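The structure appears right after this line, and notes come after that.
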Amino acid sequence: MIDAEHRICHAFSSNYNARTKCLIEPKTAQGGGGIIANPDFTHGMEGWAVHGQGAMKEEMSRNGNRFIVAYNRTQSLDSISQKVQLGGGLIYSFSAWIQINKGSERVAVVFKIPHTELVIGGRVLARNGCWSLLKGGIFANFTSHADILFESNNTATEIWVDSVCLQPFTLEQWRAQQDKKIDKERKSKVRFKVTYGNGTAMDSATVSIKQTRSEFPFGCGMNFHIIDSTDYQNWFASRFKYTTFTNQMKWYSNEPKQGQENYTVADTMVKFAQKNGISIRGHNILWDDPKYQPEWVKNLTSDELRKAAAKRVDSVVSRYTGQLIAWDVINENLHFSFFEDKLGKNASSRYFKRAYELDPKTTMFLNEFNTIEYGNDEDVDPISYMKKLSAILSYPGNQGILAGIGLEGHFGVGQPNLAYMRSVLDILSSTGLPIWLTEVDVVKEPNQAEYLEQILREVYCHHAVKGIIMFAGPATAGFNATTLVDKDFKNTPSGDVVDKLLDEWRTKPTETKADGEGYFEMSLFHGDYNITIRNPVTNCSTTLSCRVTKGTTCIHIIA
């Protein structure tokens, strides 16, 4: 599912923002600006105010385009602002074109709502000399007014703003958008032609079509309980063809005592997966969180750690080389820095390099949480993520790595910010690398199943997302955050959602007839198919297999 077309682009390696859109003149405000007053500043600064201690002024480009500038800033939130009225239960999609007066800096859109924390709606790496599109948004939990602000931590930076839009959508309207994107990205309209061996059209042939495998990887985490539970095995194998072991490939599981490696559990789980045609993501080679090192590792000297970590990388990667579709190389490499602190800033880059040398056909992922779940964690926002990944992939010897973007997807309480999620995926898609949601779950709460469905639909409909793994499963296996089946393996509401989507995102078995010239047309989900043709004259049947991908438009069947 992950091939050479996803090899890292050299332009991204050397300049992680080189492929993001940056225009000499900004485009006009989307949707007429939505609920924003004077979105293109055609009426000067009407409708806008200064927030904080700075100042604002109107400017005009050589081509006559008007925009507004926030300057004389002393605090990060000193900027221009506009007060808007938010309606409860609505998704607000935001966009604005941003430029700064020198260099390059992050600029965020911030929603200030009474009696709640400031909400970061999206960020962009703005530059001098051209305009960059800042996208994002907010979900309104209740009806309230809100102030739209712009933030830059460098107070010497002037923030230039133009073409602002805040567009409201109901959940039903957003869902309709998702469905259209799914039809565009995950399905193809295919015209089939059925002929005899001599090329003559098979008039009125009866055709049966059955999808045997989806092209899109939609899987589930798996843990050691599956080894001894037939119910767990049957439940899993009947639904999923992709998995990640939640703990059984981690260093603390494989070498709890120094020098005493034990892969028995992991090996048994690998055999089960292989027997059932289930592809495996390797999770993980090393973990940068100090808390999750094997106990004996935590107090090693730098030299001792260097040797132990090198041995670990060689051991686990060599053992499973060629058997996995992915490796999470250094887990949570933006939030934590255990190996960098002890072994130098290029430690992660060196481990990526070694893993690639040992397993060059497997995609190497940087795996992190809060990049897509929560906009207020600046350390792991998409700009920070791309900067870290660029540093790793520009390290000597790493330019040819099959690289991937891993977003864990651990969602907390409350309505997910779907507009922010979409903006994150849009930014990360500029790298050209495959994006996977690697550990999706939602905390227990009354609306858990509804929120899980919204999240899964949002990521599935995005063109750059190439796979989803949930960290969810049976109650008997200890999946307490997002439980899909209870102790009797009966579906929970979240389990109903997953089964519904598994069924919805595949083509149902279908029977049709070719026309007088042997043609028929169908819209099919991408994947593998068995097609059975029944000869209208002899009543004999022939079954063939074919694959439908995004580029498939015509298939010729010779029966």
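Data table
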item	result
Solvent-accessible area of LEU418 with every protein chain in place, 1.4 Å probe, in Å² to the nearest 10	10 Å²
Beta bridge orientation in the stretch 430-559: antiparallel %, DSSP, nearest 5	60 percent
For TRP287, distant residues with modelled amide H under 5 Å away	ASN331
Residue order for ILE148, ILE325 - accessible surface, 1.4 angstrom probe, largest first	ILE325, ILE148
Helical contribution to [θ] at 222 nm, DSSP H n ≥ 4, -39,500 (n - 2.57), averaged over the chain, rounded to 500	-7000 deg cm²/dmol
Whole-percent pair-distance distribution, where bins are 5 Å wide, for the alpha carbons of the stretch 173-228	4, 10, 11, 14, 13, 13, 11, 11, 6, 4, 3, 0
Accessible-area value, TYR242, 1.4 Å probe, nucleic acids and ligands omitted, Å²	10 Å²
Given LYS257/LYS361; LYS241/LYS387; LYS135/LYS181; LYS257/LYS387; LYS21/LYS466; LYS271/LYS508, the pairs whose alpha carbons are separated by over 24 Å	LYS257/LYS361; LYS241/LYS387; LYS257/LYS387; LYS271/LYS508
Heavy-atom surface of the stretch 355-468, accessible at 1.4 Å and reported per residue (Å²)	26 Å²
Dipole axis of the chain (+1 Lys, Arg; -1 Asp, Glu on Cβ), positive-most option in PHE67, PHE525, PRO39	PHE525
Efficiency of FRET from Cβ geometry, LYS387 and LEU118, R₀ 22 Å, rounded to 0.05	0.40
Whole-Å semi-axes of the ellipsoid equivalent to the stretch 161-284 (Cα gyration tensor, √5λ, descending)	41, 30, 14
Filtered GluC sites (Glu not before Pro), the stretch 511-559: DSSP coil and at most 15 other beta carbons within 10 Å	GLU517
Most to least accessible of PHE272, PHE336 (protein chains only, probe 1.4 Å)	PHE336, PHE272
Counting DSSP beta bridges with both ends in the stretch 173-284, the antiparallel % (nearest 5)	25 percent
Taking all pairs of distinct alpha-carbon atoms in the stretch 211-281, Kirkwood radius in angstrom	12.9 Å
Per-bin percent of Cα-Cα distances, the stretch 17-164 [10 Å]	12, 45, 35, 7, 0
Virtual spin-label span in nm between LYS180 and ASN491, 7 Å along Cα→Cβ	2.9 nm
Net charge over other residues, Cβ less than 13 angstrom from the Cβ of GLY397 (K, R count +1; D, E count -1)	+2
For the stretch 42-168, accessible area per residue (1.4 Å probe, heavy atoms of protein chains only), Å²	40 Å²
DSSP beta bridge pairing in the chain, given as percent antiparallel to the nearest 5	65 percent
Of all accessible heavy-atom area on the chain, the percent that carbon and sulfur account for (1.4 Å)	48 percent
Convex hull per residue volume in Å³, alpha carbons only, for the stretch 89-212	225 Å³
Rounded to whole Å, sorted largest first: equivalent-ellipsoid semi-axes of the stretch 279-323, Cα gyration tensor	22, 13, 6
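The values are calculated or read from the model by the stated rules, or taken from the named source; none is laboratory data. Bear in mind the structure is a predicted one, so any value in this text is a computation, not a measurement. In this analysis, Cβ positions are derived from the backbone assuming ideal geometry, glycine residues included, and neighbour counts consider all displayed protein chains. Accessible surface areas use protein heavy atoms only, side chains included; no ligands, DNA or RNA. Shrake-Rupley method; radii C 1.70, N 1.55, O 1.52, S 1.80 Å.
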